[in-house]
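Read through the structure below, which is laid out as structure tokens, and then see the notes.
The values are calculated or read from the model by the stated rules, or taken from the named source; none is laboratory data. What you are looking at is a predicted structure, and each value in this text was computed from that prediction instead of being measured. Counting neighbours? That spans all protein chains shown, and the Cβs are built from the backbone with ideal geometry, glycine included. The protein model used for the area step is the full one, side chains on, heavy atoms only, and it has no ligands, DNA or RNA in it. Shrake-Rupley method; radii C 1.70, N 1.55, O 1.52, S 1.80 Å.
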Amino acid sequence: MKTPTWAQIERFCRIDGWVQTRRSGHVFFEKVLAGGTVLQTHRSHASRKTMSPGRFHTILRYQLQVSEAQFWRALETREPVDRT
């Protein structure tokens, strides 16, 4: 299974319209969905490192709230995810 680097997580967030909220040991992002739900995620400064498949799926499900296919499609097309 292919897993992204932390830089790809950040690139996804920027493509998908997330806002950087702060920077410390990590870079934090936030996105407010149309229904008012606030999503939050962060990425490690170790931008070239990849993550385990388990961690990637947890981030997709609970933080980004997108499927793996939506994640990779957004990176490929540079278009935000349609959550309607």
Explain nothing, just the number: dipole magnitude of the range 28-84 about its Cα centre with +1 on each Lys and Arg Cβ and -1 on each Asp and Glu Cβ, in debye rounded to the nearest 20. 240 debye
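Give the accessible surface of the chain per residue, rounded to a whole number of Å², with probe radius 1.4 Å and ligands, DNA and RNA excluded.
Details: 5270 Å² over 84 residues.
That works out to 63 Å² per residue.
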Stretched fully, the stretch from T58 through E79 gains (0.36 nm per residue minus C-alpha distance, one decimal, in nm) 5.3 nm
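Give the relative contact order (percent, whole number) for the chain; include only Cα pairs under 8 Å separated by 6+ residues.
Values: 111 pairs, mean separation 27.4, N = 84.
Averaging sequence separation for qualifying contacts and normalising by length gives 33 percent for the chain.
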Option label - log10 I(q)/I(0) by the Debye sum over Cα atoms at q = 0.14 Å⁻¹ computed here, alternatives (i) -0.61; (ii) -0.69; (iii) -0.42: (iii)
Which is farthest toward the positive dipole end of the chain among T37, F56, L75, measuring Cα position about the Cα centre, with Cβ charges +1 (Lys, Arg) and -1 (Asp, Glu)? F56
Please return the longest range in the chain lying between exposed loop sites, taking trypsin sites (Lys or Arg not before Pro), DSSP loop only, at most 13 other beta-carbon atoms within 10 Å, and leaving the sites out. 3-47
Would you mind telling me which residue in V19, V38, V66 has the biggest mean-square fluctuation in a Gaussian network model of the chain, where springs connect alpha carbons within a distance under 10 angstrom? V38
Calc'd 3J(HN,Hα), the range 18-27, phi into Karplus 6.51 cos²θ - 1.76 cosθ + 1.60 (θ = phi - 60°), Hz, glycine/Pro = x, comes to 6, 10, 6, 9, 6, 9, 9, x, 9, 10
CD proxy at 222 nm, helix term only [per DSSP H run n ≥ 4: -39500 (n - 2.57); per residue of the chain; nearest 500]: -8500 deg cm²/dmol
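Round to a whole number: what % of the accessible area of the chain belongs to carbon and sulfur, probe 1.4 Å?
Working: 2490 of 5270 Å².
Looking at the chain in its full context, I get 47 percent from C and S.
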